[in-house]
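First the structure, in the form of structure tokens, and then the observations on it.
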Amino acid sequence: MKNLDLKLIIIIPAFNEEASISSVITSIKKHVPQADILVVNDGSRDRTASIAEKCGVVVLSHLYNMGIGATMQTGYKYAAHLGYDVAVQVDGDGQHPPEQIPYIVNALVKNRVDLVVGSRFLGEGDYKPSFARSTGMMIFSKVVSAIIKEKVTDTTSGFRAAGRRCIEYFSGRYPDDYPEVEALVLLHKKGFSIMEVPVTMVERAGGRSSITPMKSVYYMVKVLLAIFVDLLKRT
């Protein structure tokens, strides 16, 4: 990977990912050996934390399940405190191929933007979400694209690389619950630069998603309301 002088951290939010966490960490070490790895264990009830510790990475554990928003903010606080230049979010379920981490980091540095989002819908990926998710993704894409006046295809992607300014901002403020979409709006409102790059993702390596069709509807309504509240705020 280019930019070997960058201080790079990979943040892995994990909740009950004992089936996949070891392979995710091993693959990151193989493809991005110069990066530090942080697993933020969000109150898992299984062996996620102990397996990650045996892999030789830093593990921070919440006492109880707090959600992806709080989990990522914990990671960003750690990254900001230790002065990392770039923080990459890689989910603990194995859906984000670590071999693509150098690609999104290089895009961040080369284009001098604050955040790079890996999009499943650019290029020739074969990602096929359920009808409920597909509908929600389409609505989010249209809403966010209209707000930031730039086309965004994958607002819910959690495969992201954040620069130092973005790390500092997220360490102080990060949306709760389902944060990916709202985070883009907050960054735009604060004048941060965002770009998408095409990536491919795979099926989760183990366990199952906690997002049911009913939760997808709840997610969509909750996030849209949060976005409109953010837009009404002056700061």
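Numbers at a glance
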read-out	value
Taking Cys55, Cys166 and counting other C-beta atoms within 10 Å, the order from fewest to most	Cys55, Cys166
Over the chain, relative contact order from alpha-carbon pairs under 8 Å, at least 6 apart, %	25
Cross-link partners of Lys54 among lysines (Cα-Cα below 22 Å; sequence separation of 8 or more within a chain)	Lys29, Lys30
Helix-only mean residue ellipticity at 222 nm for the chain, each DSSP H run of n ≥ 4 adding -39500 (n - 2.57), per residue, nearest 500	-13500 deg cm²/dmol
Residues Ser20, Ser145, Ser134, sorted so that the one with the fewest Cβ neighbours within 10 Å comes first	Ser134, Ser145, Ser20
Where trypsin sites (Lys or Arg not before Pro) in DSSP loops with at most 14 other Cβ within 10 Å are excluded, longest remaining stretch of the chain	46-111
Spatially proximal lysines relative to Lys77 (Cα-Cα < 20 Å; intrachain offsets below 8 disregarded)	Lys7, Lys190
Cα-centred dipole magnitude for the range 1-49, charges only on beta-carbon of K, R (+1) and D, E (-1), debye, nearest 20	180
Choice from Gly118, Gly75, Gly136 showing the highest fluctuation, given a GNM over the chain with Cα pairs closer than 10 Å	Gly136
Kyte-Doolittle mean at least -1.0, axial Cα span of 27 Å or more - DSSP H helices of the chain	213-232
Longest exposed-site-free window of the chain, the sites being GluC sites (Glu not before Pro) in a DSSP loop that have at most 11 other C-beta atoms within 10 Å	1-123
Residue order, fewest to most surrounding Cβ atoms within 10 angstrom, among His31, His96	His31, His96
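Every number here is computed from the coordinates shown, using simple stated rules; none is lab data. This one's a predicted model, so the numbers in the text were calculated from it and none came from an experiment. Because the Cβ atoms are built from the backbone with ideal geometry, glycine has one as well, and the counts that use them run over all protein chains shown.
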